[in-house]
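One structure is given below, encoded as structure tokens.
What follows is calculated from the coordinates using simple rules that are stated; it is not laboratory data. These numbers come from a predicted model, not from an experiment. Positions of Cβ are generated from backbone atoms using ideal geometry, with glycine treated the same way; all protein chains shown enter the neighbour counts.
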Amino acid sequence: MSGERGVLSGRSWQREAGSAAGRLRAARLLGLLLVALLLLLVLAQLVLPRLAAKALRDRVARYGQVHSASVSALPAIELLWGSAQSASVSAGRLAITPTELVHLLMESRPVTDLTVNAQAVKLLNPGFGAGAVTLTDAVLRKRGEEVDVSARLSSAALAAALPEGVQVSLLPGAGASPRVRASGQLFGFRASIEAAVEAAEGKVVLVPTATLLAGLGRITLFSNPKLQVLSVSATEAGGESQTWKLSLRALLR
């Protein structure tokens, strides 16, 4: 009997030893997996933002010079799904149409906070027979679905963009709903009118202020189904030449 007990005790010890060894191997394997996962996350945090910044830089570079771009995400693994917490771009001279600008915003929609600074932006095809107009010190900020755009416009740049024989000037005291005076060959005849630039129904519209011209109704200056314009403003920026600071607030749709 004592011999059988000894055999059973030996077998039990072997089973316990084997079980302990198995648990030790499992623990080592789990530790190795955790270390590998940690290294992968660290590598992703180092590499993915750089790859995302390059993609953003290339996206903006379609329209001109880009000096730098950066993207931030924590954890960086979110970038694999196209999401990012913040991104910024510093650009030189860009040339872009209003439609392309909205498209760029839509492409960057997964980025929560986006800031794009450009020394100069040539706005192509603004409409109404006007040529490209050059804006300076342009800043675009996107916070969630909210978009804020600001830039400076000089009287010389405005005059260069207008059709021959047409003059437009910003009237004193402009701010929210800035007022302008346009003169020259307008609507097929020579005229001079005053009008307010307003945000209405998600669009930027020109509204004649003179009672006699009220029948012309609103003239749409800018409209895009993917962007709801909330407000527009213009203030004198000062300087040697007459310059205005233009601002626009909108929501992505």
Expected unfolding gain across LEU33-ARG218 under the 0.36 nm per residue rule, minus the alpha-carbon gap, is 60.0 nm
Label-to-label distance, nm, for residues given as ALA55 and ARG141 (7 Å Cα→Cβ offset): 2.6
So which lysines can LYS203 reach, going by Cα to Cα under 28 Å and dropping same-chain residues fewer than 8 places off? LYS122, LYS142, LYS226, LYS245
Separation of the VAL168 and ALA132 label points, Cα + 7 Å toward Cβ, nm: 1.8
With a 10 Å Cβ neighbour count serving as the proxy for reagent exposure, in which order, fewest first, do ILE193, ILE96 appear? ILE193, ILE96
With a sphere of radius 12 Å drawn around the Cβ of GLU194, what net charge do the other residues whose Cβ falls strictly inside it have (Lys, Arg +1; Asp, Glu -1)? +2
In 5 Å bins starting at 0, how do the alpha-carbon pair distances of segment 83-145 split up by percent? 4, 17, 25, 24, 16, 9, 4, 1, 0
With an 8 Å cut-off on Cα pairs and a minimum separation of 6 or more residues, tell me the relative contact order of segment 97-252 in percent. 20
What whole-number value in cubic angstrom gives the convex hull volume per residue for the C-alpha atoms of segment 97-252? 111
Taking 0.36 nm per intervening residue step and subtracting the Cα-Cα distance, what contour gain separates ALA200 from THR99 on full extension? 34.5 nm
